[in-house]
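J.: Following this message is one structure expressed as C-alpha cells.
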Amino acid sequence: MPIPFHDSESLETLGAAAFLRLHCLTDEPQHWAGCVFLINGRGEPLEFVYNRLQLLPTALWREQDAQTAAARRVMTSLFAATVLTPKLLFVLESPMTEALVGVNRSIWPDIPDIRVRRPETDVQSSASRPEKHAITVIWGSKPPELGASRLYDAIEGRSLLLEPFERALMGLREVYPEWAGLIL
C-alpha cells in the first residue's frame, strides 16, 4: 500500500519567481544584454529567457539616455518573451535597475517586485577580517498576495535571494561567450 503524504510546497501552489539580470556589454552605453531566470520555490529552474540589444550609434543620444533606453528595451523584450507568468520579480539592484524599477521607475511590473542589494563588506571588524552584512531587500509598491508571500518565504528560507542571479549570470556567459569577460 502506498504511503499517503502531502507536499506542503506544491509547485502549482507556490508558482514561479523571476530573477532579472542586466549588463552593459561594452564601453559603449548602447550595447546591453539581459536575462530572466525563473525558478520554483525549491530553486529548481523553470525557464531562462535572454536577449541582447545594440542601439544605433549616434551623437544624438545623451549617454545616460542611451543606457536607460537600451536597458529598458532589453528588459521589456525579456518580459514579453517569457512563457510562464511569475508571482514575484527579483531584480539585482544597480544604478540602472534603480532607474527602471526603483523609486524613479519607468517600468511598473504587474507583479510584486523586489530589489535585492548585495551585502556590503566592512573594511575593518573587531576580528580584523572583513565582515559581511545581511542581504537587503526592497519591496516595490505592489504588495504581495498570500501566494507571493509564501513563495518569497520559500525562496528566502532556502537562501535563494542572491544565488539565482549567479546562475543567471552563468547562463548569460554561456549563451554569449564572446562577452563572457564583460558580464560581471
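None of the figures in this text is laboratory data; all of them are computed from the coordinates on show. Predicted, not measured: the structure shown is a model, and the values here were computed from it.
J.: In whole Hz and in residue order, list the ³J(HN,Hα) couplings for segment 79-96 that follow from phi through the Karplus curve 6.51 cos²θ - 1.76 cosθ + 1.60, θ = phi - 60°; x for Gly and Pro.
T.: Result, ordered by residue: 4, 5, 8, 5, 8, 7, 9, x, 8, 9, 10, 9, 10, 5, 5, 7, x, 6 Hz.
J.: Same structure, new question: Skipping prolines and chain starts, which residues have an amide H placed within reach, meaning under 5 Å, of the one on Leu92, given they are 5 or more residues away or on another chain?
T.: Close amide H contacts, sequence-distant or interchain: Leu20, Val116.
J.: Between Leu25 and residues 5 or more places away or on another chain, which pairs have amide H atoms under 5 Å apart, with H built 1.01 Å from N, and which residues are they?
T.: Under 5 Å from the amide H of Leu25: His31, Trp32, Ala33.
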